[in-house]
């Protein structure tokens, strides 16, 4: 009986310790959930694939619809290359290269348009860059197919990096940055499919 109060105090102390640890874990989970929520709302976290559909929700409907439709030729030609006859296959490769060059020109022209809309945006760096993708695309049309496709890949990666930095921190243009990420991944993936198909056809 004499040890009972001591046991009671020990049990109370244990409950106090475990209770505080549970509370600490609860607080940690709460902070973690808040961090996840904030991360999901940020474009940087979305870029890592946590909530990719959030990217497109930021984009105006006409731009989203027309932008995604622009991926159709890329993927139509990428899939067709696996099933066409040799003659039609070459036409599809040429069509993919020419379409990629046109899209690169469009991406560069966006910056020229910004310079027209705002004189402050008409810097040497922006204007020189605005014509660079079109020149790169034009050079690609003069190359052998395999080299041309790799050149287009390089062009799409460079334009994505440049635009991602150029539009960062601009709330009114953040939707374009989000759209560029999605469309660039789609275009680059389609071209990679064609490159892989070309390599496999050479092996077989």
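Quick note: the coordinates plus some simple rules give every number you see, no bench work behind them. All values reported here derive from a predicted model rather than from experimental measurement.
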Looks like the stretch 85-126, by Cα gyration tensor root eigenvalues a ≥ b ≥ c and the a/c under 1.5 rounded cutoff (else prolate when a/b is bigger than b/c, oblate otherwise), is prolate
Volume of the Cα convex hull of the stretch 55-203, divided per residue and given in Å³: 107
